[in-house]
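To start, the structure under review is shown below, and the notes come after it.
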Amino acid sequence: MNSRRPLLSRIVLISWLLVAASACGKGGGASSGSSPPGEGTSSLPPGAIALPSSTASTGPPALAQTGLSAPAVVTAEGAPISFAPLAKKADPAVATVKARVEKETSSGRRRAVSEGLGTAFVYDPEGFMLTNNHVIEDATDIVVGFVDGREMRATVVGRDKHTDIAVLRVDERGLPSLSLGDSDGIDVGDWVVAIGNPFGLSHTVSAGILSAKGRTRDDVKGLDPSGYFNFLQTDASINPGNSGGPLLSMRGEVVGINAAVRANANNIGFAIPINMVKQLLPMLLRDGKIRRSALGVFVDALNPIEAGRLRRPDRKGAWVQKVIAGGPADRAGLSPDDVIVAFDGKSVADPNELRWLASIAGVNKTVTLRIARLERVFDVRVTLSELEPIDDREEP
């Protein structure tokens, strides 16, 4: 992991999209959802389509990508005998990243102030690589070194601080590459393998299991509140220098980008799910950054008391606490105390999921929200606006 800053303070990865504008004070006049719902709150906004309260939604199929991979050797029961075939196949596609930062002195000369170490891996043989944004952030010179001894200069194609993802490219074709797998398709308890450069020890291989999925900033303290967090947790050793390296399934496919360790914890590492990365890749390759869309609401999770007050059968969904005046949700007729239970055909389990879905849907795109308002369930169309960045300097 980049040694230029403390570990957790450099990790920017999946949470407060707050599908609205960045400033909490915007849209004065929006009301809070803390008071008991009145008789008028069960009425539907113009254009809403009423549905039975039991109506369920289905989501789109999981993203998938094909490519070459080498599985580990296992017994008939699936227990690993050796990870050597997997590591041998994957290692040539993994690179050490040296990110040099230079500053200009008062005399006009440039001098190096730091050099961070991290990891990257080739996902496209045309020279495209993935790593963490914090590995290469502010770098004026990036060099990647492969296991065969070759070193190449790399350029930044695109990066996103809020998910800690960066795409690099080297001027070389026909490189060994790793297939991007399906992070939704692996289960807690499955074996995973990490390859990286912990503490500068290049091309280190470690193995463990997938310990948990869906870890957020509530689980990993000290993360940027403007980021998006949905970590895979593993006990495969991930240390400073591993950042940006691949987390591999037993099929030899990338299921995550290793990103962080929890301070004062033994063998607890975190990785960005590769399905999240695949959703952002087209935008990063096209624009070099992520242009996020916004719904115009502030949401929270339902607690048992509020779920009872709002007559919800469970605590799923995103509870609307405030609607930004004049924003997309306000124009569509949403109100405080509404519960958003689906976004464009995909069920919403919690506020974090809504924030992510709304952020990547697309500026000016019209989507369908499924709303629960007391006993009433209805669909409403909303045209998303652009999310204003909290700080323009955070975007490339």
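Rule-based calculations on the coordinates, nothing more; no lab input. Since the model is a prediction, treat every value here as computed from it, not as a measurement. Positions of Cβ are backbone-derived with ideal geometry, glycine not excepted, and every protein chain shown enters the neighbour counts.
Once you treat every alpha carbon in the range 63-286 as an equal point and sum by Debye, what is log10 I(q)/I(0) at q = 0.09 Å⁻¹? Rounded to two decimals, the profile gives -0.33. Multiplying the residue separation of Asp148 and Val188 by 0.36 nm and subtracting their alpha-carbon distance yields 11.0 nm. When the range 285-396 is described by a simple charge dipole with +1 on each Lys and Arg Cβ and -1 on each Asp and Glu Cβ, the residue from Val367, Gln321, Leu295 located farthest towards its positive end is Val367.
Here are some pairs, Lys221/Lys365; Lys213/Lys316; Lys103/Lys161; Lys213/Lys322; Lys89/Lys161; Lys161/Lys221; which of them have Cα atoms lying more than 26 Å apart in this structure?
Values: Lys221/Lys365 34 Å; Lys213/Lys316 18 Å; Lys103/Lys161 21 Å; Lys213/Lys322 29 Å; Lys89/Lys161 30 Å; Lys161/Lys221 17 Å.
Where the Cα-Cα span goes over 26 Å, the pairs concerned are Lys221/Lys365; Lys213/Lys322; Lys89/Lys161.
If only the Cβ of Lys and Arg carry +1 and only the Cβ of Asp and Glu carry -1, the dipole of the range 63-286 around its Cα centre is close to 500 debye.
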